[in-house]
Amino acid sequence: MQNEERIWQLVDTRRADYEGLADRIWDMPEIAYNEYKSCDEHTHMLQQEGFRVTQNLAGIPTAVMGEAGDGGPVIAILGEYDALPGLGQEAGVAEPKPRPGDGMGHGCGHNLLGSASLMAASAVKDWLKENGIKGRVRYYGCPAEEGGAAKSFMVRAGCFKDVDIAISWHPAAFSGVNPALSLANTRIDFSFTGRASHAAAAPHLGRSALDAVELMNVGVNYMREHMPSDARIHYAMLDAGGVAPNVVQATAKVRYAIRARELPELWPLIERVKKIAEGAALMTETTVTHQVISAVSNLLGNGPLEQAMQTALERLGPPPFDEADEKLADKFQATLNDEDISSAWRRVGLPPQREKSLCDQIVPLDAKPAPMMGSTDVGDVSWVVPTVQARGATYAIGTPGHSWQLTAQSKTPLAHKGMVHVAKVMAATAVDALSSKSLIERAKADYSARTDGNPYVSPLPENIKPPIKPRAA
Ligand SMILES: [Zn+2]
């Protein structure tokens, strides 16, 4: 099925191996910078496929890269394999049923993300060889997308500097080209230090770090009225200074996530939040320090690559879901409310079709999607290399991101079909770029026009390093 083009046959022959890889990664969910076993699985697959493998990419032990082919342009296909905490769930079961274990789960479908990308890269490797074409294909196994921004560190380390184009995808409810609409984002920890004292006997001697955090949060809440309308700021308390109300809290720590439509809008917001923190410290006679934890850029689109990927999608047609897949998707939709489902349609720019639980079409390139208010570290790659991303239908329409329903569906026959389908889309896009120099040239011209006068500056401060974790014994 859907194998008229040789590249699609080369994807399809790998079906069993890569469904197996995706399922093994699903079975061993590991979170940011702890993806040792998942990275080992991807490394073994790269070796088995005959790629030249570079481990410990950018000094990150859970990042890996494989390259095949000689000379010519370099096509990078990016994958991920990190899981999320609190989303452990039995596969294929349409009711909340946590798996035994530490609660980790693939609630963003990254078990499929890495497998499809490696599958596509492997098919392109064979296609290059069969056709005797000069060119290289690389698979980048990128850790810690969730809250870890590993790709920002990989970009800063120069991992993509000789790459001509980059291709990736993300699991979704629909098949189409992923519009470049993510937000730039940074996470910063603010730590306040005051002075402890007996809160009843000597309150005048205490200086409360917790008061400072509260005042900072109030200050930032007042700032919201005066920010760009699509900026976002959220915070979480990391340390409230202890559990004893009769001790003036000498330390307190709050983590801020600050998001803006584009990097140039993000910088001034960060400076304003820092001023508010300093103001809170001044008011409370405490001191404050801050530490950037991660930072990612907004996505930069690329017209020629998006058009090429859309053409590949239209040649291929929608994912070949069958009746059993629809039945399963119906069961998951039954756990959602109408708003979840209709807003999923509207977010991609299509009128809701309530009778459909699975995608049976290709989202047109001119659909008007709602802007994506999340962030992805693919953004940083897109600022240094012309980049395109697909969305691949791998779950029931309306399934919320980061949910037990998403974990449950990411190891099912319907997820497998969606994964193989999107691998074909990415591989065909890569083959189109390798077959005609003009696509790469047009993609580069589009990239230059978008970055002209607005060059990439890494949002990561120079002194911060990826928070890598040691391999568990
Ligand atoms: Zn994700």
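The values are calculated or read from the model by the stated rules, or taken from the named source; none is laboratory data. Bear in mind the structure is a predicted one, so any value in this text is a computation, not a measurement. Virtual Cβ from ideal backbone geometry, glycine too; neighbours counted across all protein chains shown. These accessible areas exclude ligands, DNA and RNA; they are computed on the full protein's heavy atoms, side chains included. Shrake-Rupley method; radii C 1.70, N 1.55, O 1.52, S 1.80 Å.
Of note:
- Pairwise FRET efficiency - residue 161 versus residue 193, Cβ, R0 = 56 Å, nearest 0.05: 0.85
- Cα shape, region 1-94, gyration tensor, a/c 1.5 rule: oblate
- Sequence ranges 280-286, 256-262, 111-117, ranked by mean other-Cβ count within 10 angstrom, highest first: 111-117, 256-262, 280-286
- Compactness check for the chain: Cα Rg over 2.2 N^0.38 Å is 1.02.
- The chain, helix-only ellipticity at 222 nm - DSSP H runs n ≥ 4, -39,500 (n - 2.57), divided by all residues, nearest 500: -12500 deg cm²/dmol
- Shape category assigned to region 337-377 from the gyration tensor of Cα positions, a/c cut at 1.5: oblate
- Burial order of peptide ranges 118-126, 192-200, 92-100 (average beta-carbon count within 10 Å, highest first): 118-126, 192-200, 92-100
- By definition, a body whose alpha carbon gyration tensor gives a ≥ b ≥ c is oblate when a/c is 1.5 or more and a/b is not larger than b/c, and region 408-457 fits this oblate description.
- Kirkwood radius, region 62-182, all distinct C-alpha pairs, inverse of mean reciprocal distance: 16.0 Å.
- For the residue pairs 97/469; 151/275; 253/469; 151/331; 161/465; 129/151, the alpha carbons lie more than 24 Å apart in 97/469; 151/275; 151/331; 129/151.
- Averaged per residue, the chain has 40 square angstrom of accessible surface, using a 1.4 angstrom probe with ligands and nucleic acids left out.
- For region 352-470, carbon and sulfur atoms together expose 56% of the accessible surface, with a 1.4 angstrom probe and every protein chain in place.
- Couplings 3J(HN,Hα) for region 326-340, derived from phi with the Karplus relation 6.51 cos²θ - 1.76 cosθ + 1.60 (θ = phi - 60°), are 4, 4, 5, 4, 4, 5, 6, 4, 5, 8, 10, 9, 4, 5, 3 Hz, where x marks Gly and Pro.
- Förster radius 22 Å - calculated FRET efficiency between residue 365 and residue 339, Cβ distance, rounded to 0.05: 0.25
- Separation in nanometres of the label points that stand 7 Å from Cα toward Cβ, at residue 236 and residue 54: 3.3 nm
- Residues residue 247 and residue 47, FRET efficiency given R0 of 45 Å [Cβ-Cβ distance, rounded to 0.05]: 0.20
- Apportionment of accessible area to carbon and sulfur, region 253-338, percent (1.4 Å): 53 percent
- Stretchable slack from residue 221 to residue 324, in nm (0.36 nm times residue separation minus alpha-carbon distance): 32.2 nm
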